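So the structure is just underneath, and the comments pick up after that.
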Amino acid sequence: MEPVILDNAAAMARLRAGLAQRGMDNIPAGPVADEPSPDEPGHPEYHRRHRAEWALARWTTATPPRYRRADATHPDVQQWADDVATDPETAGSLLLTGTTGTGKTYQAYGALRRIAAAGPSVYEVVSITAADMYGRLRPKGSDRGMEEELKRLCRVPLLLLDDLGSAKASEWTEEVTYRLINERYNACRPSLYTSNLPARAAVDGHGQPVGPDLASALGERIVSRLSEDTRVVAMTGHDRRRPAP
Ligand SMILES: Nc1ncnc2c1ncn2[C@@H]1O[C@H](COP(=O)(O)OP(=O)(O)O)[C@@H](O)[C@H]1O
Ligand SMILES: [Mg+2]
């Protein structure tokens, strides 16, 4: 249909009168705001919120009940989580160290929750303790078989490996841990490690470590690989599982 051009004063007057009758004569002229609002599809914030809802639901089902209230309160942990949410390829990894009960696992699940809440484009996480991982990687430890299981842990976009260095070490545990950490490092996939041991213990006057550390528990090359892209956060404080001293 041809558009009707209102170039005629009488026609304009009739139109105004018609609009006035309907109470529509006070609508200001100007550009129409037809951009979607944050509550409508098409707005980036709308889609981010949906991704966050979905990721938080995944986080909840993947998190043990004890840590469902976990919150990343440590500023360095918050920063790492924000960096992962912004760009997982450049964020690097995080190692939380500290004695039992200082809140490492709590901060770790809190970090995973914070990443989910940011509404990342990909949210796929595996959380496992190092001891359970070695169990799954042993012959008959999983249906997939060792190589497939290791591949899954190497390829998952985000990995929480809890209590590194606590399981009894052997040449085999050192080898699979190195393969995992090295492959994730090469692929720039962020990982979150926790350990009761410091990465490297202080040394005495003879250059000998004064206590146990990850380097002696897992092997020097693993700690050296970790040192290349991993932020270390030392958790301090009393054992939260016991009454405060
Ligand atoms: N900031 C915190 N606020 C409340 N509870 C916490 C906090 N940090 C840890 N906890 C609780 O204290 C206990 C020990 O923390 P956890 O993270 O398991 O310690 P770790 O892994 O260092 O051994 C857990 O029950 C945990 O839920
Ligand atoms: Mg723990």
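By the helix-only formula, in which each DSSP H run with n ≥ 4 contributes -39500 (n - 2.57) and the sum is divided by residues, the chain has a 222 nm mean residue ellipticity of -14000 deg cm²/dmol. If you plug the beta carbon distance of THR90 and GLU183 into 1/(1 + (r/R0)^6) with R0 = 25 Å, you get a FRET efficiency near 0.90.
Around the amide H of THR102, modelled in the peptide plane, lie the amide H atoms of ARG240, all under 5 Å away and 5 or more residues distant in sequence or on another chain. Which one of ALA52, ALA201, ALA215 has the biggest mean-square fluctuation once the chain is modelled by GNM with Cα springs under 10 Å? Ranking ALA52, ALA201, ALA215 by mean-square fluctuation puts ALA201 first.
From the largest down, the chain spans 102, 46, 34 angstrom on the principal axes of its Cα atoms.
Antiparallel DSSP bridges in region 46-234: what percent, to the nearest 5? About 5 percent, rounded to the nearest 5. Listed by chain and number, the aspartates and glutamates placed with their C-alpha closer than 20 angstrom to that of LYS140 are ASP132, GLU148, GLU149, GLU171, GLU174, GLU175; residues fewer than eight positions away on the same chain are left out. Among ASN196, ASN186, ASN26, the largest mean-square fluctuation in a Gaussian network model of the chain (Cα springs under 10 Å) belongs to ASN26. Here the Karplus curve 6.51 cos²θ - 1.76 cosθ + 1.60, taken at θ = phi - 60°, turns the phi angles of region 109-122 into couplings of 5, x, 5, 5, 5, 4, 5, 4, 5, 6, x, x, 5, 10 Hz, with x standing for Gly and Pro. Amide H contacts under 5 Å for THR230: SER93, restricted to partners 5 or more places along the chain or on a different chain, H placed in the peptide plane at 1.01 Å from N.
Springs join every pair of Cα atoms under 10 Å in this Gaussian network model of the chain, and among ARG221, ARG152, ARG66 the largest mean-square fluctuation is at ARG66.
In terms of packing, defined here as the mean over residues of other Cβ atoms within 10 angstrom, the peptides 121-132, 34-45 line up highest first as 121-132, 34-45.
All of the numbers you see were taken from the coordinates with simple rules; none came from a lab. Here the structure is a predicted model, which means the values were calculated and not measured. No Cβ is skipped: glycine too gets one built from the backbone with ideal geometry, and neighbour counts run over all protein chains shown.
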